[in-house]
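The values are calculated or read from the model by the stated rules, or taken from the named source; none is laboratory data. Please read all numbers here as calculations on a predicted model, not as lab measurements. Ideal geometry is used to build each Cβ from the backbone, glycine not excepted, and the neighbour counts take in all protein chains shown.
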Amino acid sequence: MKRKVFAVFSCGLTSRYRHDLCRAFNTAADELGVDLVYFNSMGKIGEINAQYGDYEFDLIEDMDLSGFDGIVYDGEGYNVEGMADKVIRKLRHASCPVISITTKVEGFYNIDFDDAGAMELMVRHFLDVHHFTHIGYMSGPLTHEDARIRLDSFRRMMKEYGLPRDGAGVFEGDFWFHKGAEAAEFFLALPERPQAVVCANDYMAIALSTELKNRGLKIPEDIAVSGFDGTLEGQEYLPHLTSATRERLDIARKALGLLDRGGIQDEEEQAQALKIRPRAILTQSCGCKPLDYEYEAESINRLYEINRKFSYGMYDTESSLLLLNKVENLYDLERLFGENPIDFGAYTSFFLMMQTDEENRLSIENDFTHSSGKFSPIIWIDKKREYAGSPRIFDTANMIPRSDSDRSHFYYVMSVHCAERLFGYSVIEMEGKDIFDEFYNIWLLNISLTLEGLLKNDRINRLIGRLQNLGIRDSMTGMLNRRGFDTQAREAITRLRGTHTVCAMVIDMDGLKRINDEHGHYEGDSAIKAAADMITRCCDSAEIAARAGGDEFYIFAVDYSEKLLCRFQKQLSEAIRSYNASSGKPYQVSLSMGSYLTEADNTGRIEDFLSVSDARMYEEKMKKPGRRR
């Protein structure tokens, strides 16, 4: 029986919150025996000078969703303006059920985390257990729906207990770390210092607690602080944050369970099936749990271990950047990725798929026109040899290699793009249920830069070739010009070792002036191009051919023979006859030819050979009846 495949659309999966979310979803998928395909975006990167890849979402826009049995949408992670809307528009075309787990989307199934109930838990704890009556509140930005829901719940609890609606005071934060200092100044400037501050998420609680401690206050002795969301950062911070947690495994089990059933038809059942109940984490920042020094000592040891691993990872990354700078072709890129020691987590397979055009040219090539919707793998690393029978050409409906193993698979798909175009996408499968770390993102970014470098090198090499051709090629016919002919002919003579039979030919058009006078120079040029094309097609035995100027052509060949010369003359006569019979032109193309077969060594002179050939060509031309120059 074919396993079901569910897609997860998200952004910033290497963040701490989404790292744990991935693990929860992978655990739930393993329990159900289904496969997950994460479509992860990097989104906006950086703080001070944030950057974003313009082509990142091109991959999603062209994707065929028909191969998925269900889709999970994690809209909260998208941090580039307008990108969440683009993804939602795409997912509305899916024929399978779509469930949103972090933001409410009309028309999707929506996981309902009881934000109001969770905030009520926090406030009641301070009121009922600690008997605080002077409580401040640090809100998220009030343009955010979650921030409004949580603030309304705080105000409702204040009213229920007969306290001022805004408690000790409400400060509008940013759901991030940037406004901790402003918030500390706000609460400490109040006529009466709050006994506690309830924060609308853990990040703001960490920022506020840090600034309060910097000002000499103790937490919770001087001010108690609580967070929201139950993040790992909040539980690692000292003092550990009292918070209300979203149970990620509950979210994952409910979401995948619903998709596994194919959705829910009954609205009442749906409301209950998608409800996530909060759980309070009561710990040190409110004074409920004393510090466990033995546990904290082990935490410090773990932190040192993480720091060491990070340092080694940075060194390996720096080394890899130097190696990537030396990559000259795609083979080098595959070898480098397979052999490089960067530790972004144990992986079992990695595939780099490059889009192709209708002519099967890769997107790294400058001749590439536009995507055909097909992808060709340029890196194929299959450590467990599970994908031997998988096709080697992929399209937007079948983007993941096929494995015959019975276990659940968790794939992470990311766009590979740079300043000028979308190159394709990468697929990685990790060893366990954890996602890769940030070093993998660095790898992909630098692979993209390397591909961009190869693209630009190809462009430069083509430009150099064109510039070189401008000096040795005839712009009208594409044949060698006189300079190019002389250079290549002399090089061929110089390479001779001993005596060889060489052949020189001079070919001249008959009646070109008449064609120009009676039909115009456009037709005269057309006749020259036709003659050049016929001569070029007949040069199939390593001859060097050129348009010497006007209507005159030169040919030179080494290791030639009477037989090859006769063959050439016969082919050219047949080409002229065929052209005149089918061209529909009001004139006939005619050529006169002189040739010279001789023995020569590397002291021979091309000018001498051409002189004899030219005299013989003139003799032939003079013999033609009704000759006109």
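Could you tell me which of the residues L208, L190 is in the same structural domain as C286 (by TED's automatic domain parsing), at pLDDT 95 or above and out of contact with any helix residue (DSSP H, G or I) (no Cβ under 8 Å at 6 or more places or on another chain)?
Going through L208, L190 in turn, just one is in the same structural domain as C286 (by TED's automatic domain parsing), at pLDDT 95 or above and out of contact with any helix residue (DSSP H, G or I) (no Cβ under 8 Å at 6 or more places or on another chain): L190.
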*Is at least one residue of the range 108-117 assigned to a helix (DSSP H, G or I) and at pLDDT 95 or above?*
no
*List the pairs whose first member sits in the range 58-79 and is in contact (Cβ under 8 Å) with a residue 24 or more places away in the chain and farther than 22 Å from V34 by Cα, whose second member is β-branched (V, I, T) and in a loop (DSSP other than H, G, I, E, B), and whose Cβ atoms are under 7 Å apart, counting only residues at least 6 apart or on separate chains?*
D62/T396; G75/T102; G75/T103; G75/V105; E76/T102; E76/T103
*For M158, indicate whether it is under 25 Å from P191 (Cα atoms), assigned to a helix (DSSP H, G or I) and over 48 Å from the mean Cα position of the chain (by Cα).*
yes
_Any chance R473 is surrounded by fewer than 20 Cβ atoms within 10 Å (Cβ to Cβ), touching a residue at least 60 places away in the same chain (Cβ under 8 Å) and within 30 Å of A600 (Cβ to Cβ)_ = no
*Evaluate the following for I442: is it outside any strand (DSSP E or B) and touching a His at 6+ places or on another chain (Cβ under 9 Å)?*
no
*A419 is checked against (1) surrounded by fewer than 15 Cβ atoms within 10 Å (Cβ to Cβ); (2) over 17 Å from E56 (Cβ atoms); (3) of a type outside the set (S, T, Y) and fails just one. What number does that condition carry?*
(2)
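For (1) modelled with pLDDT under 90; (2) surrounded by 19 or more Cβ atoms within 10 Å (Cβ to Cβ); (3) in a helix (DSSP H, G or I); (4) among the β-branched types (V, I, T), each residue gets a yes or a no:
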| position | (1), (2), (3), (4) |
| --- | --- |
| V72 | no, yes, no, yes |
| N79 | yes, no, no, no |
| D85 | no, no, yes, no |
| C96 | no, yes, no, no |
*Which one of these is within 15 Å of H240 (Cβ to Cβ), surrounded by fewer than 14 Cβ atoms within 10 Å (Cβ to Cβ) and among the aromatic types (F, W, Y): Y293, Y315, Y304?*
Y293
*Of the residues in the range 128-155, how many are over 51 Å from the mean Cα position of the chain (by Cα) and surrounded by fewer than 19 Cβ atoms within 10 Å (Cβ to Cβ)?*
6
*asked:* Can you pull out every residue in the range 583-620 that is closer than 21 Å to D533 by Cβ and among the charged types (D, E, K, R)?
replied: K585
*Give the number of residues within the range 357-375 that are touching a strand residue (DSSP E or B) at 6+ places or on another chain (Cβ under 6 Å) and more than 19 Å from L449 (Cα to Cα).*
5
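For every residue, the table says whether it meets (1) assigned to a helix (DSSP H, G or I); (2) more than 51 Å from the chain's Cα centre (by Cα); (3) under 30 Å from Y587 (Cα atoms); (4) of a type outside the set (D, E, K, R).
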{"position": "M476", "(1), (2), (3), (4)": "no, no, yes, yes"}
{"position": "T487", "(1), (2), (3), (4)": "yes, no, no, yes"}
{"position": "L496", "(1), (2), (3), (4)": "no, yes, no, yes"}
{"position": "M509", "(1), (2), (3), (4)": "no, yes, yes, yes"}
{"position": "E518", "(1), (2), (3), (4)": "yes, yes, yes, no"}
*Would you check which residues across the range 224-244 are under 21 Å from A116 (Cα atoms) and of a type in the set (D, E, K, R) and list them?*
D229
_Number of the exception - I149 against (1) under 20 Å from E247 (Cα atoms); (2) assigned to a loop (DSSP other than H, G, I, E, B); (3) of a type in the set (A, V, I, L, M)_ = (2)
_Conditions (1) surrounded by fewer than 16 Cβ atoms within 10 Å (Cβ to Cβ); (2) touching a residue at least 40 places away in the same chain (Cβ under 8 Å); (3) in a helix (DSSP H, G or I); (4) of a type outside the set (S, T, N, Q): number failed by K570_ = (2)
*For the range 606-616, indicate whether the set of residues that are surrounded by 12 or more Cβ atoms within 10 Å (Cβ to Cβ), of a type in the set (D, E, K, R), in the same structural domain as L512 (by TED's automatic domain parsing) and touching a helix residue (DSSP H, G or I) at 6+ places or on another chain (Cβ under 8 Å) is non-empty.*
no
*Select the strands (runs of 3 or more DSSP E) contained entirely in the range 265-384, then report the ones holding at least 1 residues which are of a type in the set (F, W, Y).*
347-356, 374-382
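Test of understanding: among R23, R89, which residue is crowded, with 18+ Cβ neighbours inside 10 Å and basic (K, R)?
Details: R89 fails: crowded, with 18+ Cβ neighbours inside 10 Å.
Only one candidate qualifies: R23.
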*On the given criteria, is E491 among the acidic types (D, E), in the same structural domain as S613 (by TED's automatic domain parsing) and free of Cβ contacts under 8 Å to residues at least 40 places away in the same chain?*
yes
*Looking only at the range 8-57, which residues are at pLDDT below 85 and part of a helix (DSSP H, G or I)?*
R16, Y17
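One line per residue, one yes/no per condition, for (1) of a type outside the set (S, T, Y); (2) at pLDDT 80 or above:
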| position | (1), (2) |
| --- | --- |
| T245 | no, yes |
| A271 | yes, no |
| L282 | yes, yes |
| C288 | yes, yes |
| Y295 | no, no |
| S299 | no, no |
| E305 | yes, yes |
| L333 | yes, yes |
*Residues in the range 161-183: is at least one among the basic types (K, R), outside any helix (DSSP H, G or I) and out of contact with any Gly (no Cβ under 8 Å at 6 or more places or on another chain)?*
yes
*Keeping to the range 202-257, report how many residues are farther than 30 Å from V98 by Cα, surrounded by 18 or more Cβ atoms within 10 Å (Cβ to Cβ) and among the β-branched types (V, I, T).*
5
*Among the listed residues A545, A532, A557, which satisfies the condition of being assigned to a strand (DSSP E or B), under 13 Å from M479 (Cα atoms) and in contact with a Ser or Thr (Cβ under 8 Å, 6 or more places away or on another chain)?*
A545
*Report whether or not I515 is in the same structural domain as N580 (by TED's automatic domain parsing), surrounded by 16 or more Cβ atoms within 10 Å (Cβ to Cβ) and touching a helix residue (DSSP H, G or I) at 6+ places or on another chain (Cβ under 8 Å).*
yes
